[in-house]
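Engineer: My questions will all concern the structure given below.
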Amino acid sequence: MSSPSIAPAVAPSRPATVAEKSSKHALFEPIALVLLSLATIGTAWCSFQAASWQGVSQQMMNLSAASSRQAAKYQLQATQFGLLDVMLFSQYVNARMSSNDAAAGFYADRFRSESKTAFQTWLASAPFENSNAFPHPFVPALYQPKLMTDAAQAEEESQTYWQKAGEAGRAGRGYILITVLLACALFCGGTAARFEAAWIRRTVMGVGLLAFAFALGRLLVLPVKG
């Protein structure tokens with residue numbers, strides 16, 4: 001009587017060990033570590049630069065507004081003094097036409113320095129006899145009030161400050177954009193190694209590296225505020 005045959009024992013399949021799983025991610029861990037380190041440092045640096053440039057932009061805007069107010073002040077004062085000069089000149093002409101030399105001299109002596117210079121130049125051209133002379137001393141070739149020059153200079157300074165404010169604002173926004181890109185790189189670098197599928201790991205890590213490379217390229221062309 002033959003004994004029953006015994007089937008050979010089949011070793012049960014064992015799950016992948018921790019070492020085998022770690023070997024899958026061996027390439028991603030150092031890359032992710034470098035990416036996370038550089039992106040973290042870059043985020044801190046860009047945040048500092050963005051805040052600094054926004055502060056510069058606000059300062060330039062304040063200076064622009066102050067210069068604009070100063071220009072308006074100079075223009076108002078120039079207009080007021082111009083009215084006074086015209087009134088004195090009108091009284092001088094009336095006295096001169098009335099042959100009242102005393103009154104004419106009285107008003108002529110009270111011209112301000114700027115209008116007096118223009119008046120003397122105009123008077124030297126014999127305007128009462130010379131029909132080709134300037135009609136009055138307040139033409140731009142003769143009458144050049146300093147306050148109007150100061151107003152033009154203040155307005156130019158205001159425009160310069162405004163342009164600098166715009167440039168600083170654009171630099172600050174550029175650093176904010178880089179901060180967003182570095183945040184994307186941080187996310188990708190921190191999650192890439194967690195995926196089991198190799199193509200997902202490579203895709204996520206590739207996106208993170210591309211975001212970091214683009215951020216680095218933008219960082220190299222932006223101005224630095226010390």
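Engineer: Between THR203 and ALA133, what is 0.36 nm times their sequence separation minus the Cα-Cα distance? Round to one decimal in nm.
Structural biologist: Working: separation 70, 0.36 × 70 = 25.20 nm, distance 8.43 nm.
Working it through step by step, the gained length comes to 16.8 nm.
Engineer: Mind listing the long-range amide H neighbours of ASN100? Cut-off is under 5 Å, sequence gap 5 or more, other chains count too, H placed in the peptide plane at 1.01 Å from N.
Structural biologist: For ASN100, no residues qualify.
Engineer: Please find the FRET efficiency linking ARG69 to GLU167, where r is the Cβ-Cβ separation and R0 is fixed at 25 Å, and quote it to the nearest 0.05. Before the final figure, lay out each step's value.
Structural biologist: Working: r = 22 Å, r/R0 = 0.89.
Efficiency computed from Cβ-Cβ geometry: 0.65.
Engineer: In 5 Å bins starting at 0, how do the alpha-carbon pair distances of the chain split up by percent?
Structural biologist: Histogram of Cα-Cα distances, whole percents per bin: 1, 6, 9, 9, 7, 6, 6, 5, 5, 5, 5, 4, 4, 4, 4, 4, 3, 3, 2, 2, 1, 1, 1, 1, 1, 1, 0, 0, 0, 0, 0, 0, 0.
Engineer: Among GLN153, ALA50, ALA103, flag the residue with its Cα farthest along the positive direction of the charge dipole of the chain, charges on Cβ as +1 for Lys/Arg and -1 for Asp/Glu.
Structural biologist: Positive-most Cα among the choices belongs to ALA50.
Engineer: While we're here: Any idea what the dipole of the chain comes to, in debye rounded to 20, about its Cα centre with Lys/Arg Cβ at +1 and Asp/Glu Cβ at -1? Before the final figure, lay out each step's value.
Structural biologist: Numbers: 18 positive and 13 negative charges, 236 e Å.
The dipole magnitude comes to about 1140 debye.
Engineer: Between PHE48 and VAL180, what is the spin-label point distance in nm, taking each point 7 Å from the Cα along the Cα→C-beta axis?
Structural biologist: Distance between the two pseudo-spin positions: 2.4 nm.
Engineer: Once you have the Cα-Cα distance between VAL93 and ASN62, take 0.36 nm times their residue separation minus that, and quote the gain in nm to one decimal.
Structural biologist: On the way: separation 31, 0.36 × 31 = 11.16 nm, distance 4.65 nm.
Fully extending the segment from VAL93 to ASN62 adds 6.5 nm.
Engineer: What are the aspartates and glutamates whose alpha-carbon lies under 15 Å from the alpha-carbon of LYS164, with same-chain residues fewer than 8 places away excluded?
Structural biologist: Cross-link targets: GLU155, GLU156.
Engineer: May I pose another question? Looking only at ALA141, ALA72, ALA152, which one moves most when the chain is put into a Gaussian network model with springs between Cα atoms under 10 Å?
Structural biologist: Most flexible of the set in this elastic network: ALA141.
Engineer: So, one more: Extension gain GLN153-ASP101, at 0.36 nm per residue separation less the Cα-Cα distance, in nm?
Structural biologist: Values: separation 52, 0.36 × 52 = 18.72 nm, distance 4.01 nm.
Separation in residues times 0.36 nm, less the Cα-Cα distance, equals 14.7 nm.
Engineer: Compute the long axis of helix 113-124 from its Cα atoms, compare it with the longest principal axis of the Cα atoms of the chain, and write down the angle in degrees, 0 to 90, nearest 10.
Structural biologist: 50
Engineer: As I understand it, the dipole of the chain uses +1 on the Cβ of Lys and Arg and -1 on the Cβ of Asp and Glu, about the Cα centre. Which of GLN163, LEU210, SER90 lies farthest toward its positive end?
Structural biologist: Comparing the listed Cα positions along the dipole, LEU210 ranks first.
Read-outs throughout are calculated quantities, based only on the coordinates presented, and are distinct from any laboratory measurement. Just so you know, these numbers come straight off a predicted model, no measurement behind them. Methodologically, a virtual Cβ is constructed for each residue, glycine included, from the backbone with ideal geometry; neighbour enumeration extends over all protein chains shown.
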